[in-house]
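Student: Once you've had a glance at the structure underneath, I'll fire off some questions.
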Amino acid sequence: METSVVSKVSEVATKTTKPTPAAPAGGALLTEEQILKMSDDDYMNEAQLAFFKARLQQLERDLLKNADETTEHLRETVLVPDPADRATIEEEHALELRTRDRERKLLKKVQQAIASIDAGEYGWCEETGEPIGIPRLLARPTATLSLEAQQRRELKQKLYGD
């Protein structure tokens, strides 16, 4: 009796388990050139998803590392008597904080893109459901809209000040 339960559980697990993104032969990720050469039928196949997930995870690590470096840098307070030097240092700190704020927003988008890969929704336009396109995703891996949908959105924002 236990054997049949184990085999049923194994059978159900095999049917419901999502395949993990497979890398090409040799275990290496695809290159940009290889992805660009692939046909449209291969759009967002397992190898492409593995490539973009690895790229997004590396970007996430880089952004987190930059945030840590900024924190350390801002803790190193240097007291200088000259008001002009103090103003320069404060301006540099303000610029660095603005940059990190932009990176914080990008980090959120990167994490959302990784989640969309895991959900099987990565690479498809949120508005139209059409493919975003490999060249656009290579240039901007966090893109959620196709080029045409993004242009329409920007035109609408320009016209209506959204």
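None of the figures in this text is laboratory data; all of them are computed from the coordinates on show. None of the values given here were measured: they were computed from a predicted structure. Here the Cβ is made from the backbone with ideal geometry for all residues, glycine too, and neighbour counts use every protein chain on show.
Student: Just check the stretch 21-148 against the gyration tensor rule for me: Cα atoms, a ≥ b ≥ c as the square roots of the eigenvalues, rounded for a/c under 1.5, and otherwise prolate or oblate depending on whether a/b exceeds b/c.
Tutor: Here the stretch 21-148 falls in the prolate category.
Student: Related question: Take peptides 95-105, 119-129 and line them up by average Cβ neighbours within 10 Å, highest first, as a rough protection proxy.
Tutor: Packing order, densest peptide first, comes out as 119-129, 95-105.
Student: To the nearest 20 debye, what charge dipole does the stretch 28-160 have about its Cα centre, counting +1 at the Cβ of each Lys and Arg and -1 at the Cβ of each Asp and Glu?
Tutor: 380 debye
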